[in-house]
1. Subtract the Cα-Cα distance of Gln8 and Lys270 from 0.36 nm times their separation in residues, and report this length gain in nm to one decimal.
2. Under a 5 Å amide H to amide H cut-off, with H placed in plane at 1.01 Å, what residues pair with Lys366 once short-range neighbours are removed?
3. Between the stretch 317-337 and the stretch 47-86, how many Å separate their Cα centres?
4. Picking from His345, His19, His141, which is most flexible by a Gaussian network model of the chain using Cα springs under 10 Å?
5. What residue among Ser151, Ala214, Gly54 has its Cα farthest toward the positive end of the dipole of the chain, where the charges are +1 on Lys, Arg and -1 on Asp, Glu, each on the Cβ?
6. Hey, what do the phi angles of the stretch 141-149 turn into as Karplus ³J(HN,Hα) couplings, whole Hz, using 6.51/-1.76/1.60 and θ = phi - 60°, x for Gly and Pro?
7. Can you give the FRET efficiency to the nearest 0.05 for Ala68 and Asp304, using r as the Cβ-Cβ distance and R₀ = 25 Å?
8. For the stretch 307-323, in order, what is each residue's ³J(HN,Hα) by Karplus, 6.51 cos²θ - 1.76 cosθ + 1.60 with θ = phi - 60°, in whole Hz (x at glycine and Pro)?
Amino acid sequence: MDSERYIQLEEAYGAHNYHPLEVVIERGEGVWVWDVDGRKYLDCLSAYSALNQGHRHPAIVAALVAQAQKITLISRAFRSDQLGLFYQELAALTGYEMVLPMNTGAEAVESALKVARKWAYAVKGVPGGQAEVIVARGNFHGRTISLISASTEPLYRDAFGPFTPGFVIVPFGDAAALAQAITPNTAAVLIEPIQGEAGVIVPPPGYLAAVADACRRHNVLLIADEIQTGLGRTGKLLASEHAGVRPDMVVLGKALGGGVYPISAVVADKAVLGLLRPGEHGSTFGGNPLAAAVGRAALKVLVDEHLVENAAVQGEYFQERLAEIPSRHVKEVRGQGLLIGVELHPSAGGARRFCEALQQRGLLCKETHANVIRLAPPLVIDRATIDWAIGPIADVLNLA
């Protein structure tokens, strides 16, 4: 079948909860993908950072196949030979003492919120049912009922109420406003070091450190949502490291599955995650043997191939080259590592048309918040490929 037939099938039988570009991907390798008609594209979205290690990394695929040939799923009523090793390796890499495995990013954020509430009642002494969590305006933590309750984006909220109580919303980047919002009932602050879905919004220097200081002074947990920014995307293992901050809990996902399997996790020390007792929280698939084996391979690739360091070097170079493009449409190029946003002036007519034009020139990316082109290629990208990408990007940014 050709692309048009596949698109017709999706439109006819699938819920219309996405607005994808009109390209039908058939296979991928490294930073490249091919559509069903044989056209080749540079993937500059990386499934929103789920493909940090690139498409079909051979070591990760091999781990998936090897484990699938032994056992894929058991109940957490039993133990597996992979899970403890996954815990140990993820804890050692991130510097935390314990791991809580889940499947998706939203599940992991929900898990962190549950743990924070239990900590508030059991340790801080917040009265039962009164724990609050401070979040930032413009956040994106997922689309569950509770997480859209913490959102300020009308598209995520309209028609989906009533909402979960217990969230306090403050401006992103304003540490003073956040500190002022803390009360004796504040259990945690949930924050993205960089707001990806909001348009690659980088906070002012010193912001995250000031937030962490306020949390320490007021006995509040700091939860960093590093689902998109973590595991090397910004040129550090965790984006929080840029600010010299060690959060109390870190939420990981996306690249933890190496682009081949959904895996997420919360990492924290025993004083926090150790509060959970059997039966209080769980997941049928979370921590299954296949996930654990894939996660171990994904982490090994990040370390052995120095992808964190490559993201720092290539990200700086990519941003420099983008900033050199003369275009009346570009308001700002910003980001950290290989998480880059090109914000356009409102007069440019929206980012969507530029992403569609880039598709025609062999580069895939996606608009975010109407006027921002997000560029986030796999961390295996090299300088020569970036040099190639600058050609079509420059052409498109100079469209009428």
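We did not get these values from a lab; they are worked out from the coordinates using the rules stated. This is a predicted model, so every value here is computed, not measured. No Cβ is skipped: glycine too gets one built from the backbone with ideal geometry, and neighbour counts run over all protein chains shown.
1. That pair, Gln8 and Lys270, stretches by 89.2 nm at full extension.
2. When sequence neighbours closer than 5 places are left aside, the close amide H contacts are Arg374.
3. For the stretch 317-337 versus the stretch 47-86, the Cα centre distance is 37 Å.
4. His19
5. Ala214
6. Per residue, the Karplus-derived 3J(HN,Hα) values read 10, x, 10, 5, 4, 5, 6, 6, 5 Hz.
7. 0.65
8. Values per residue, Gly and Pro as x: 6, 5, 5, 5, 4, 5, 6, 6, x, 4, 5, 4, 5, 4, 5, 5, 5 Hz.
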